[in-house]
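Undergrad: Please see the structure below; I have some questions.
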Amino acid sequence: MVDGKIKVGIVGISFGMEFIPIYLRHPEVYQVAVADTNSKLIKTAREKFGISDEDCYSDYEEMLKDQEIDAVHIVTPPSTHASFSIKALKAGKHCGCTIPMGMSIEELESVIRARIESKKQYMFMETTIFGREYFYVKELLDQGKFGKVQYMTCAHYQDMEGWPSYWEGFPPLMHPTHAVGTCLMLLEDYPKEVYAKGSGRIRDELIARYQSPFAFEAAFVTMEHSDVTIEMERFLYGVARSYSECFRIYGRDMSFEWQQLASEDPVIFTRTGGIQQEIVDIDGDPDRYGRGGEIMEQRIKVPDYGDRLPKSIAGFTTETVYNDQNTHLSFKQGGGHGGSHPHMIHEFVRAIVEDRKPVCDDVTGAYWTGTGICAHQSAMEGGAVVRIPEFKRMQ
């Protein structure tokens, strides 16, 4: 760290290219390095963003030798996430890693141990908890507008035909956090157990890599302390449905539903008269004439939350590297992750500068990722209830 500012290394700059200008303009980042095995991407980063030759690496291990790098942001294929995170932590770097955190319970536990031993910070880079929809619902929840929360649902729908080969046949719920992360964060509770079912079948050639036959997986998650159940579902192949990372929250007084189409706005449902009617029912008033409360429906415009950020990066809630002229599948399908990227980067940088745990640390990331790993296990076992490990024991 130099004068309260950090140097960040980004490894994997296909999708990771999106984060380079955010870091470069962040007021507490003084320099950025990049690493990738694709020389064309390195050349683009050098020319487009002025990354110096000394800060361009074709080998991750070489990047980690740079003693000036304070933190590493990992944006590489899923099978590398745990091992690359552990290498960064063991090299004395703070670590931020894209989803999923790992591919097995053992990998998740190994990352937590490495973070503890390193005494560095680890952030699980889940975008949805930094999206404008999440911020909007969190404000309403904190204001008590929902009343008693009764139920939550979440989903991540994505057609991954044509993606790199390591995604072929990827089990749907093994990669769950774009769906379930928001719900778990809103509940502020740990998941306890899960049971899931698989549905349909993908092509035989897609089954070979991961031995998972299902086109769709759906699960129910029970919590450690809350009485709320979360319904979670995901598909990756063989389903005719457009992209969506969505959640819905149903409360006694108010509910929020994600829009069906990207061109639409979310819906808020408000229930009036319900509490009084429930009291009448309990009292057994034979003269009551109403059945149920009145439900008001309203489509709402979710505001942008760029004003929560330093001015130098606030514009990145709507401005991206990848756009209609310079496409990337994640943006072509996903619409830029709800303006989340600068909020996520800001949290990572501030956690390092302030020497504190980030909002989504390694234990939280392990619970969220582990929920999906256990859900897929349940689906493969025909719907058996699977207990989610207590990662907090390792804190």
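The values are calculated or read from the model by the stated rules, or taken from the named source; none is laboratory data. Since we're looking at a predicted model, the values are computed, not measured. Cβ placement follows ideal geometry from the backbone for every residue including glycine, while neighbour counts extend to all protein chains displayed. The area values use the complete protein model at the heavy-atom level, side chains included, leaving out ligands, DNA and RNA. Shrake-Rupley method; radii C 1.70, N 1.55, O 1.52, S 1.80 Å.
Undergrad: Summarise the long-distance tail of P(r) for the range 88-198 by giving the % of C-alpha pairs beyond 18 Å.
TA: 63 percent
Undergrad: In the chain, what is the volume of the convex hull around the alpha carbon atoms, normalised per residue and reported in Å³?
TA: In the chain, the Cα hull volume divided by residue count equals 156 Å³.
Undergrad: Then there's this: Please list 187, 261, 173, 24 in order of solvent-accessible area, largest first, computed with a 1.4 Å probe with all protein chains present.
TA: The most accessible residue leads, giving 261, 24, 187, 173.
Undergrad: If I compute solvent accessible area with a 1.4 Å probe over the protein chains, what percent of it on the chain is carbon and sulfur?
TA: 48 percent
Undergrad: Dividing the alpha-carbon Rg of the range 1-53 by 2.2 N^0.38 Å yields what?
TA: 1.09
Undergrad: Students sometimes get this wrong: rank 58, 378 by accessible area, probe 1.4 Å, all chains present, largest first.
TA: 58, 378
Undergrad: How much solvent-accessible surface does residue 353 expose, in Å² to the nearest 10, with a 1.4 Å probe and all protein chains in place?
TA: Accessible area, nearest 10 Å²: 40 Å².
Undergrad: Then there is this: Please give the per residue accessible area of the chain, computed with a probe of 1.4 Å over protein heavy atoms only, in Å².
TA: Per-residue accessible area for the chain comes out at 44 Å².
Undergrad: Based solely on its DSSP helices, what 222 nm [θ] is calculated for the chain when runs of n ≥ 4 H residues each add -39,500 (n - 2.57) and the sum is averaged over all residues, nearest 500 deg cm²/dmol?
TA: That comes out to -9500 deg cm²/dmol.
Undergrad: Any chance you could give the angle, 0 to 90 degrees and rounded to 10, that helix 81-90 forms with the longest Cα principal axis of the chain?
TA: Around 60 degrees separate the two axes.
Undergrad: Roughly what % of DSSP beta bridges within the range 142-229 run antiparallel, to the nearest 5?
TA: Antiparallel bridges: around 90 percent, rounded to the nearest 5.
Undergrad: Roughly how tilted is helix 177-187, in degrees to the nearest 10 and between 0 and 90, from the longest Cα axis of the chain?
TA: With rounding to tens, the tilt is 60 degrees.
Undergrad: Now, a different point. Report the paramagnetic label zone for residue 384: residues of the range 105-121 whose backbone N is under 20 Å from a point 7 Å from Cα along the Cα-to-Cβ axis.
TA: 105-107
Undergrad: Ok, one more. Ranked highest first by average number of other Cβ atoms within 10 Å, how do 193-200, 236-243 line up?
TA: In decreasing order of mean packing, 193-200, 236-243 become 193-200, 236-243.
Undergrad: Can you give the charge dipole size of the chain about its Cα centre, rounded to the nearest 20 debye, using +1 on the beta carbon of Lys and Arg and -1 on the beta carbon of Asp and Glu?
TA: Once rounded to the nearest 20, the dipole reads 400 debye.
Undergrad: Give a quick list of GluC sites (Glu not before Pro) in the range 123-166 that DSSP marks as loop, anything other than H, G, I, E or B, with at most 14 other Cβ atoms within 10 Å.
TA: 161
Undergrad: Roughly how many nanometres apart are two label points built 7 Å out from the Cα toward the Cβ at residue 392 and residue 37?
TA: 4.0 nm
Undergrad: Heads up, I need the accessible area for residue 159: 1.4 angstrom probe, whole protein in place, Å², nearest 10.
TA: Per-residue accessible area (residue 159): approximately 60 Å².
Undergrad: Between helix 341-353 and the chain, what is the angle of the helix's C-alpha long axis to the longest principal axis, kept within 0 to 90° and rounded to the nearest 10?
TA: 70 degrees
Undergrad: In addition: Given 138/301; 43/357; 7/40; 138/192; 40/119, which pairs have Cα atoms separated by over 25 Å?
TA: Over 25 Å apart, Cα to Cα: 43/357; 40/119.
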